[in-house]
Structures are given as structure tokens and as C-alpha cells.
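Data block below; observations after.
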């Protein structure tokens, strides 16, 4: 492909007709006419939906947009976003363009390790039980791998275990964490199967009885870290409005407010998840699991905090985001949802780690756009312009023809 085909900068894309946008996307992402046809159906047929969940009666579709301008680790991405809220795709694209002026996003991702939890109740001697389980580490890991031959064959599998004592209001329990490398899968099914497989042996070793056996959505072994450096000049609006350094100081002040106040932190993080969830949904991943992990991670020290921060450093505004990111590029919904597979083709990612980095960048970009709006004209100006356009366009169809 040419540089143009790989690029995520498409000037005036929003002014193109729907048909012209699709033609441009087909060139950039090397899509066929059959691929484009999926965009008219929500990417899924009713028969496919009936295989995914129970009691299917139809398909509920969301708009699918493409966020532009994203450059992550020196590579361009067209970022598919499934979302109903006006301004999310536009804001993410605008923020990515600002970040692009500073060299784009930088990102890293931990190996794709998920945690299986096995709860052991009524353990008479927790210290002795912990010692026995730790001594049997190799046996337990081998037992876990024995039920996941396919995962092991592609380089994944159980990697370690940890024994924790958790004391609550009514009882004390041991909880064994099994750390599982899930490769390019989100991994819930593999992890849950492993937890159920090793639970009886852990009960024998502990002298207790088995409680819950299931993954944890606090995937703190599978964290993405994204940073962005935005020159002051990129924060101005074509020479109008506040100067770049004033906008940067306003964004940094808003970031400090979120760090000081959990009420503000909740809304700060919601803005991040506007970008994160939209990409997670478009790619057929579990947005509820990602949400749960993000908010638990935000409160991991006992106080709810923002998962991104913004500071002024020299002549730039610097943002950093850190959050769990349990997503996959194989298995699960992707097996039965052509639209999710198409979204991954548009993204052109090669691993779950790479997908996680793109999603994290979308979240940090969305956060930047929201904070910039708050620090300048306020959040409602751009948002309500797009909202009124959407509502206005839909009113005649919803309420019938006007007199």
C-alpha cells in the first residue's frame, strides 16, 4: 500500500457524502464491496445474533464511525468507534490531530495475563495451607495447562500463582490467583475453565472447601500505558480564543481537580471511557469487563482517582493514561460477528497488546478533547451543535411530517 493508503489523516472527511467516505475508507483499509455491504447491516445478520445470545428477536444497531489522525508509536491507525453519543468520534479525531503535532501517542502494553480467582473457605490453618499450595506450584500450573491444550500450543498458558488471605466482615478466606497468559484472546473462557480444573486440588492442599472459581475483571497484570505530548500551539483554535499556554494550564488544573475530588474523577474517567468503550464495542470485545477493570483500578489505593493525568512540562502539555485492558483479537464474539472482524481489519492490528494500545490512545485522546472544551468554551458548545443536528434530522421521521 502507499503512504496515503496507510495514513489516518483525511482532510475534510466529515464533509464528504456517506458514499464518498466509504470509498475513501475502502482505499485506506483495502476493503472489498462485500466488506462495505456489512456497513449497511450493522455487521451482523439475525441468524448470527441468534447464535450469540438467547431469545433473539432482532438486531439493535449503533452508528459506526471512524476516528482519524491517530498516530501511535509512529504508526497511523483508522480507529473504528461504535457509539450513540454525538461528538465522541469528532472529538477523538480532533484530539488525535493535536497529539499528532507533538509526535503522536506513545504506548506500551503488559503481556496479556489474566487472573483466575479460586476462593477457599473454612481453611483451618491458613499459613500451613499457603505453604503447601506454594510448594505445589509446578503441579498446579501443569494441571491448569492440561485443560487448555490449544492455548498452550500457541505459547499461552498458566504462568504463576499467588495465594492471598482475604479477611472480611464475616469470615477469612484464602484466595488463589492463577496468572494465565491468554495470548491474543480476552481469555475469560480459558481462565474460568482453568479455575474450575485446579479448584479441587487446591481444596485438598488447603484442607478447606471450594468457593467461587472465576476470572477477575481487575486485570492489573494486563495494563496499557499511553502518553501524549501536545505543543502549546496545537491547543489553539486557528489563532482565536485563549493562547495555547492558557489552555494547557486550564487542562492541567482540571486534571488536578479530578485527582482531588472523586465526584470530578468519576466524570473525568467517564470521558475517557467514551473513547475506550466505543472501540471496545466496535471490535467485539467486552466493554463491561473493561469498564469494571478501569473503575476498580482507579480505586486500587482505597480512593477513587482519575486514570489519566495532564501536566504542563516546558512548552508542552503532557498526558499519561494507565488502565487495565483485557481485550482480544481472536475468539469470543469475533467468531460469529462479521462486523467486529471488519473493525479489526480496518484497524489492522496484529495482537491483543496492539489493540489495547490503540484503545488506550482513543481514551486519552477523548479525555484531552473533553478537558480542552471544559477549559475554553465549555463542553456544551460543540456537543450540543452535533446533538441538535442529530435530533433535528431525526424529528420528522420520529414524529411524522410537519404541517
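The values are calculated or read from the model by the stated rules, or taken from the named source; none is laboratory data. Quantities reported herein were computed from a predicted structural model and do not represent experimental measurements. Here the Cβ positions follow ideal geometry from the backbone for every residue, glycine too, while neighbour counts run over all protein chains shown.
Of all residues in region 97-106, one or more are surrounded by 14 or more Cβ atoms within 10 Å (Cβ to Cβ), outside any helix (DSSP H, G or I), assigned by TED's automatic domain parsing to the domain that holds residue 244 and within 17 Å of the chain's Cα centre (by Cα).
Among the residues of region 20-28, is any in a helix (DSSP H, G or I), in contact with a strand residue (DSSP E or B) (Cβ under 9 Å, 6 or more places away or on another chain) and over 22 Å from residue 276 (Cα atoms)? Explain how you work it out, then say what you get.
First, the residues of region 20-28 that are in a helix (DSSP H, G or I): 20-28.
Pick out the ones that are also in contact with a strand residue (DSSP E or B) (Cβ under 9 Å, 6 or more places away or on another chain) and you get 21, 25, 28.
Adding the requirement that they be over 22 Å from residue 276 (Cα atoms) leaves 21, 28.
There is at least one residue in region 20-28 that is in a helix (DSSP H, G or I), in contact with a strand residue (DSSP E or B) (Cβ under 9 Å, 6 or more places away or on another chain) and over 22 Å from residue 276 (Cα atoms).
Of the residues that make up region 359-374, is at least one surrounded by fewer than 22 Cβ atoms within 10 Å (Cβ to Cβ) and assigned by TED's automatic domain parsing to the domain that holds residue 274? Looking through region 359-374, at least one residue is surrounded by fewer than 22 Cβ atoms within 10 Å (Cβ to Cβ) and assigned by TED's automatic domain parsing to the domain that holds residue 274.
When each of 219, 234, 199 is tested for being in contact (Cβ under 8 Å) with a residue 24 or more places away in the chain, more than 30 Å from residue 97 (Cβ to Cβ) and in a helix (DSSP H, G or I), the lone residue that passes is 199. In region 6-18, the condition of being out of contact with any strand residue (DSSP E or B) (no Cβ under 7 Å at 6 or more places or on another chain), surrounded by 15 or more Cβ atoms within 10 Å (Cβ to Cβ), in the same structural domain as residue 369 (by TED's automatic domain parsing) and farther than 23 Å from residue 356 by Cβ is met by no residue. When each of 113, 88, 123, 83 is tested for being crowded, with 19+ Cβ neighbours inside 10 Å, under 22 Å from residue 352 (Cβ atoms) and touching a helix residue (DSSP H, G or I) at 6+ places or on another chain (Cβ under 9 Å), the lone residue that passes is 83. Are any residues in region 48-75 under 30 Å from residue 231 (Cβ atoms) and surrounded by fewer than 19 Cβ atoms within 10 Å (Cβ to Cβ), and if so, which ones? Answer for region 48-75, where residues must be under 30 Å from residue 231 (Cβ atoms) and surrounded by fewer than 19 Cβ atoms within 10 Å (Cβ to Cβ): 73, 74, 75.
Taking the stated definitions as given, is residue 26 assigned by TED's automatic domain parsing to the domain that holds residue 276 and within 22 Å of the chain's Cα centre (by Cα)?
Working: assigned by TED's automatic domain parsing to the domain that holds residue 276: yes; within 22 Å of the chain's Cα centre (by Cα): no.
Judged against the criteria, residue 26 is not a match.
As for region 257-264, it holds at least one residue that is part of a loop (DSSP other than H, G, I, E, B), modelled with pLDDT of 95 or more, farther than 26 Å from residue 112 by Cα and assigned by TED's automatic domain parsing to the domain that holds residue 328. Of all positions in region 292-308, at least one carries a residue that is touching a helix residue (DSSP H, G or I) at 6+ places or on another chain (Cβ under 9 Å), farther than 30 Å from residue 161 by Cβ and surrounded by 20 or more Cβ atoms within 10 Å (Cβ to Cβ). Residue count for region 34-60 under the criterion of being in contact with a helix residue (DSSP H, G or I) (Cβ under 8 Å, 6 or more places away or on another chain) and not in a loop (DSSP other than H, G, I, E, B): the result is 5.
For region 83-90, the criterion of being in contact (Cβ under 8 Å) with a residue 12 or more places away in the chain and touching a strand residue (DSSP E or B) at 6+ places or on another chain (Cβ under 6 Å) is satisfied by at least one residue.
The set of residues in region 309-334 being surrounded by 24 or more Cβ atoms within 10 Å (Cβ to Cβ) and outside any loop (DSSP other than H, G, I, E, B) consists of 310, 317, 319, 321, 323, 324. Of the candidates 163, 180, 154, 191, the single residue that is more than 16 Å from residue 214 (Cβ to Cβ), surrounded by 17 or more Cβ atoms within 10 Å (Cβ to Cβ) and either in contact with a helix residue (DSSP H, G or I) (Cβ under 6 Å, 6 or more places away or on another chain) or modelled with pLDDT of 95 or more (or both) is 163.
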